[in-house]
Amino acid sequence: MGVRGDRVGPAVTLGLLVAWALHDAEELATGPRWISENLPTLRERFPGVPEPVWARGRLWKAGVLKPARARDVAMGLAVAAGATTVSHAVARRVVGSR
């Protein structure tokens, strides 16, 4: 557990993954309410942001933007896994296997 020489133990990696997941869950839970409450301030502070960016919330409420389907979630996870595998292979080639 922890750091052994210049290697990091699996508990550290798992801990980072859990921290990342909790952080994202918190943003998903609180983000929409915070944005709707602060939208006028955000528009005032960032007048150069295109209207379609601000319109996304209205589109969601109007039912134009639909929630993700299970197929979309599976595809996103597959792409993320593929990107992780490729980046791991590139890192091993660059740094070298130890």
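The values are calculated or read from the model by the stated rules, or taken from the named source; none is laboratory data. Please read these numbers as outputs of a predicted model, since none were measured by experiment. Every residue, glycine as well, gets a Cβ built from its backbone with ideal geometry; the counts of neighbours run over all protein chains shown.
Just a few scattered comments:
- Some residue of the stretch 3-21 being in a helix (DSSP H, G or I), farther than 30 Å from Gly96 by Cα and not assigned by TED's automatic domain parsing to the domain that holds Thr84: no
- Of all residues in the stretch 67-93 being loosely packed, with under 10 Cβ neighbours inside 10 Å and of a type in the set (D, E, K, R), the one that is farthest from Glu37 (Cα to Cα): Arg93
- Meets criteria (surrounded by 10 or more Cβ atoms within 10 Å (Cβ to Cβ) and either in contact with a Phe, Trp or Tyr (Cβ under 8 Å, 6 or more places away or on another chain) or in contact (Cβ under 8 Å) with a residue 24 or more places away in the chain (or both)) for Arg58: no
- The single condition among (1) over 21 Å from the mean Cα position of the chain (by Cα); (2) surrounded by 10 or more Cβ atoms within 10 Å (Cβ to Cβ); (3) assigned to a helix (DSSP H, G or I); (4) without any contact (Cβ under 8 Å) to a residue 12 or more places away in the chain that Val64 does not satisfy is (3).
- Enumeration of residues in the stretch 22-51 that are over 21 Å from the mean Cα position of the chain (by Cα) and either in a helix (DSSP H, G or I) or assigned by TED's automatic domain parsing to the domain that holds Thr84 (or both): Glu37, Asn38, Leu39, Pro40, Thr41, Leu42, Arg43, Glu44, Arg45, Glu51
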